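First comes the structure, then the notes that go with it.
The values are calculated or read from the model by the stated rules, or taken from the named source; none is laboratory data. Since we're looking at a predicted model, the values are computed, not measured. All Cβ positions, glycine included, derive from the backbone under ideal geometry; neighbour counts span all protein chains shown.
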Ligand code: HEC
């Protein structure tokens, strides 16, 4: 589908009314005009969570190239020939302003998930991970602007009989973000009860951050480990660096663990993150954990995950 030419008055609001309103509604609510029939209901542009969680560049891509280029409905037209890049940027900014509520962390700061460093951006996500012989199923859900709750269940298939490893619940809160500085920081806590192979309660408060100076993405985390009866047992310092190259992001994480008793350990995690769906809501990563320094030198472990950002689109949409 191609789009109509720009109106004579081409301010962003007028562009929106001329180009977008017949399907997305004059107020952006996604109520199409009575004369317009659509197979897939258009996005509600006033829904802040949906309109802030992805970067502006992606909306510019969808509006320029049309929905089909991102695996979305053919009904979402391409405006790349009707408008100039400046007009498209202006109409996208206008559409994103319809949310009318600031304080939502912007999608520009939603950096790719790494193996080790907890991402600071709150997510709506399902993740399946595999690390050596261990698996985890993780569910993350946003509440409001800044809060995320998470539940994870783990299994290990090794020589021991009990494959059920345990569960962890966590909370994460984005305390600060700045689009101008391209950085954000969050506080959180993870709690692991004595279930499965876990014998005591373990509580891990953490602070995590992400930043995007220039072309690099930096993510970091500091975690304290507290165990029932033993108290604080260790601190971990984690840092990851990556760089987006088209659909893939090569990354390297380093984790340095300083236990209160015993030897320090340093592990490296080279990994390759890749966008699987055209929309980008399904992604995967493969890599390894390599112990560089520390006790009982372990063999490298293979690590992989697949994630689905269910807040972005249904699983089978966007391919
Ligand atoms: C002919 C109808 C139509 C017009 C005109 C139209 N859209 Fe859409 N738009 C849709 C439909 C339908 C979808 C849902 C596509 C899907 O989910 O498969 C959509 C989806 C989108 C999305 C994707 C949202 C998401 O969830 O990722 C954005 C952004 C968007 N439209 C912005 C615009 C803007 C801005 C304009 C005006 C420049 C516009 N649309 C004009 C029908 C339209």
Please work out which residue is farthest from the ligand (Cβ to nearest atom), limiting yourself to the range 68-84 and to residues that are part of a helix (DSSP H, G or I) and surrounded by fewer than 18 Cβ atoms within 10 Å (Cβ to Cβ). 69
Looking at the range 280-304, which of its residues are outside any strand (DSSP E or B) and within 17 Å of residue 127 (Cβ to Cβ)? 280, 281
Does the range 174-185 hold any residues that are in a strand (DSSP E or B) and in contact (Cβ under 8 Å) with a residue 40 or more places away in the chain, and which are they? 174, 177, 183, 184, 185
What are the residues in the range 135-173 that are closer than 17 Å to residue 53 by Cα and not in a strand (DSSP E or B), if any? 144, 145, 146
Please verify whether the range 50-67 includes one or more residues that are assigned by TED's automatic domain parsing to the domain that holds residue 254, outside any helix (DSSP H, G or I), in contact (Cβ under 8 Å) with a residue 60 or more places away in the chain and in contact with a helix residue (DSSP H, G or I) (Cβ under 7 Å, 6 or more places away or on another chain). no
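Considering each of 267, 277, 236 in turn, give the residue that is outside any strand (DSSP E or B), modelled with pLDDT of 95 or more and surrounded by 15 or more Cβ atoms within 10 Å (Cβ to Cβ).
Matching residue, one of 267, 277, 236: 277.
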Being within 7 Å of the ligand (Cβ to nearest atom) and surrounded by fewer than 16 Cβ atoms within 10 Å (Cβ to Cβ) is the filter; apply it to the range 23-56 and report the residue that is farthest from residue 74 (Cα to Cα). 36
Which of the residues that make up the range 85-111 are free of Cβ contacts under 8 Å to residues at least 60 places away in the same chain, surrounded by fewer than 18 Cβ atoms within 10 Å (Cβ to Cβ) and out of contact with any helix residue (DSSP H, G or I) (no Cβ under 6 Å at 6 or more places or on another chain)? 85, 86, 97, 100, 102, 103
Subset of the range 16-43, residues assigned to a loop (DSSP other than H, G, I, E, B) and touching a helix residue (DSSP H, G or I) at 6+ places or on another chain (Cβ under 7 Å), comes to 20, 26, 28, 30, 32, 33, 36, 38, 42, 43
